[in-house]
Structure formats: structure tokens, C-alpha cells
Amino acid sequence: MKKGEGSVGSFFIRPEMPLFGNIFSPKKTPPRKSASLSNLHALDRSTREVELGLEYGTPTMNLAGQNLKFENGQWIADTGISGGVDRREAQRLRRRNQQLEEENNLLRLKVDILLDMLSETTAESHLMEKELDELKSVGRRRK
């Protein structure tokens with residue numbers, strides 16, 4: 001079939017180009033306008049609070065009966081209602097736990113060293129006993 005010719009179907013002649021344009025290539029969309037003409041996003045937090053009267057409190061949530069609040073990039077338990085452990089006390093306990101773990105690791109290392117020393121001393125003792133037995137048997141033969 002040459003370019004520009006149509007194809008013959010069962011009942012009609014289909015032109016190679018559709019009458020109303022190509023339906024599968026939509027028109028190009030016009031460029032969008034800027035998202036916001038307001039300059040409020042450029043203001044710092046204190047100015048926005050004064051201008052708009054917005055007071056953002058600290059984010060809080062209740063999880064399994066434990067109230068938590070978000071401060072300085074961390075979720076901290078609110079001890080007022082839940083009766084949980086004070087934040088300073090929790091930090092002190094974490095430090096103490098870390099110290100005890102380090103002490104435990106040091107004691108394990110010492111036990112391993114002592115066991116190595118004991119096995120070495122036991123092996124030397126067995127060798128000495130064996131040499132002593134051999135010397136006794138040689139001495140008895142000479143007599």
C-alpha cells in the first residue's frame with residue numbers, strides 16, 4: 001500500500017489518517033501558574049505566629065496508655081499520668097547498664113585468660129609427672 005492510500009475493510013474504506021486528528025496524542029498542556037502567590041512561607045516561625053496567631057504546641061500521642069511528647073527530636077514519655085520512669089532516671093539507668101555490660105565483658109575476658117593459663121599449667125604438670133615417672137623407672141632399672 002502506498003502512502004496516502006486507504007485500506008479496504010469489510011464495509012467501508014478506512015483512510016490512513018483519522019478525520020479528527022490522532023486521539024492517542026493529547027494536546028500539550030499549558031504551563032502551570034506558580035503554586036502560591038503568598039509570601040507567608042518565607043516568614044520565620046515567630047513572625048508567622050504573630051501574624052497569623054498560630055501556636056504550634058509540641059506533638060503528643062498516647063500509645064498503649066503511655067503519653068509521649070516529641071521534644072528535641074525524640075519521643076519522651078510524659079510521666080504525669082502514666083507513672084513511668086523519669087527521663088533523667090532512665091538516662092542514668094542506661095548509663096549504669098552500659099557500665100555493667102562493659103564490666104561483664106571485661107570479667108568474661110579475664111575468665112577466658114585464667115582458663116587458658118590453667119589449661120597450660122595443667123599440661124605442663126602432666127608433662128612433668130610423666131618425666132618424673134620415666135626418671136623413677138630408669139633409676140629402678142639401674143639398681
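The values are calculated or read from the model by the stated rules, or taken from the named source; none is laboratory data. What you see is a predicted model; the values in this text were computed from it and never measured. Every residue, glycine among them, receives a Cβ derived from its backbone with ideal geometry; neighbour counts consider all protein chains shown. Note: areas computed on protein heavy atoms with side chains; ligands, DNA, RNA excluded. Shrake-Rupley method; radii C 1.70, N 1.55, O 1.52, S 1.80 Å.
Among the residues of region 77-93, those identified as open to solvent by 60 Å² or more (accessible area, probe 1.4 Å) and at pLDDT below 65 are Gly80, Ile81, Gly83, Val85.
Of the residues making up region 129-143, those that are surrounded by 10 or more Cβ atoms within 10 Å (Cβ to Cβ) and among the aliphatic types (A, V, I, L, M) are Leu132, Leu135.
Please list, ordered by first then second residue, the pairs with beta carbon atoms under 6 Å, 6 or more apart or interchain, first in region 93-110 and among the polar types (S, T, N, Q), second modelled with pLDDT under 95. No pair meets every condition.
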